[in-house]
1. When you check residue 95 against the structure, is it modelled with pLDDT under 95 and of a type outside the set (Val, Ile, Thr), yes or no?
2. Residue 67 fails exactly one of the following numbered conditions: (1) surrounded by fewer than 24 Cβ atoms within 10 Å (Cβ to Cβ); (2) within 22 Å of residue 226 (Cβ to Cβ); (3) not small (Gly, Ala, Ser). What is the number of that condition?
3. If we only count strands (runs of 3 or more DSSP E) wholly inside region 194-307, which ones have 1 or more residues that are more than 14 Å from the ligand (Cβ to nearest atom) and surrounded by fewer than 23 Cβ atoms within 10 Å (Cβ to Cβ)?
4. Being in contact with a helix residue (DSSP H, G or I) (Cβ under 6 Å, 6 or more places away or on another chain) and over 13 Å from residue 273 (Cβ atoms) is the filter here, so list the residues in region 299-317 that pass it.
5. Out of region 99-116, which residues are of a type outside the set (A, V, I, L, M), touching a residue at least 24 places away in the same chain (Cβ under 8 Å) and surrounded by fewer than 24 Cβ atoms within 10 Å (Cβ to Cβ)?
6. Would you tally the residues in region 156-179 being exposed (fewer than 14 other Cβ atoms within 10 Å of the Cβ) and without any contact (Cβ under 8 Å) to a residue 12 or more places away in the chain?
7. With respect to residue 275, is the statement that it is modelled with pLDDT of 95 or more and under 17 Å from residue 196 (Cβ atoms) true?
Amino acid sequence: MTLDRRTFLEKTAAVAAAGFLPRSAFPDARAWAPLPRAGRVCVVASSNGLRGVKLAYDRILAGTDTLDAIIAGVNITELDPTDQSVGLGGLPNADGVVQLDASCMHGPTNRAGSVGCIEEIATPSLVAKAVMDYTAHVMLVGEGAKKFALAMGFRPQNLLTEQSRQDWLRWKANLNPGDAWLDRRDDVKINFTHGTINMNAVNAAGDVSSVTTTSGWSYKIPGRLGDSPIIGAGQYTDNAVGAAGSTGQGELCIKACASFYIVEQMRLGKSPEQACLAAMERVMHMTEARWLDGRGRPKYDVNFYAVAKDGRFGGASLYQGGEFAVCDADGARVVKSAYLYPNSERPRE
Ligand code: ASP
């Protein structure tokens, strides 16, 4: 049966009058769930953010805005040439070009900013914030994002370190036995092809922010965007509830709208850890067969991190062994993540 617009409006108005629907299609978000009370300051991040959570926590205590504090926290990793998953020194795409993704959300003002596939700028988290602060847009990509960054005064630099260039050459040499590159199955093992930093924070007033920044899936097809620059996938904040973010296989997080889902689960009353686990189930629900082994176990890992408005925090991974960084009144530390599957169920290489 199809309803014309008028009949639909009349029917929904009648149902609403009978008390079955909210009076507005967009009720105040804060009415949807009991509000956690603001109180404890907490910063939570992927495990490579241990130095960053401490810096961000100290700055929040000193009065810095939550988003400025966590961006300062992730800048440490972005500017560290030895971290090959983020910013300067990040592993490049298939053409040997470092392309970076980042996004952020500022809870108190309900604003967001994002950049994708940006080149030659070491701190895409700050460019994402500049998109948020200085434009009416949310997302800029590629050449346009770089032009914008240059106009904002960011300095371009070569982000491909010698180590990352050597790893890329080794990847290229071993790509296809029939190509013209001689195999180099030698000295240095390329031990990961993913990595990212996500950081989320709440201050004593209950204001919340989130940021994620990455060089993405190494040796990716040029132009590929992961979850990190996508609002609702790589990170999400709702100041009424909390914030969440992800690292790991980005394509799966995009399909599950993972960070948004975690925040919505917290809104419905789940703890940050339960909400992260619920999102893991959601990721599995959305996972296509080619990503699964014969026993239905995923051939990748995904990690989630969350903080609630009242300072509770949590994290989860698909497989046992995940960790995340946190800083609150008990200090900066690495904590074990909850998980869906024990290590014994990881597919063998
Ligand atoms: N989520 C990132 C991406 O897919 C990579 C990672 O965190 O490992 O681009």
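1. no
2. Only one criterion is unmet by residue 67, namely (1).
3. So the answer is 235-238.
4. If the condition is that a residue be in contact with a helix residue (DSSP H, G or I) (Cβ under 6 Å, 6 or more places away or on another chain) and over 13 Å from residue 273 (Cβ atoms), then 299, 302 are the ones that fit.
5. Scanning region 99-116 gives 106, 108, 110.
6. 6
7. no
Let's see how each residue does on (1) of a type outside the set (Phe, Trp, Tyr); (2) at pLDDT 95 or above:
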| site | (1), (2) |
| --- | --- |
| 254 | yes, yes |
| 289 | yes, no |
| 297 | yes, no |
| 303 | yes, yes |
| 324 | no, yes |
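The values are calculated or read from the model by the stated rules, or taken from the named source; none is laboratory data. These numbers come from a predicted model, not from an experiment. Using ideal geometry, Cβ is built from the backbone for each residue, glycine included, and neighbour counts are taken over all protein chains shown.
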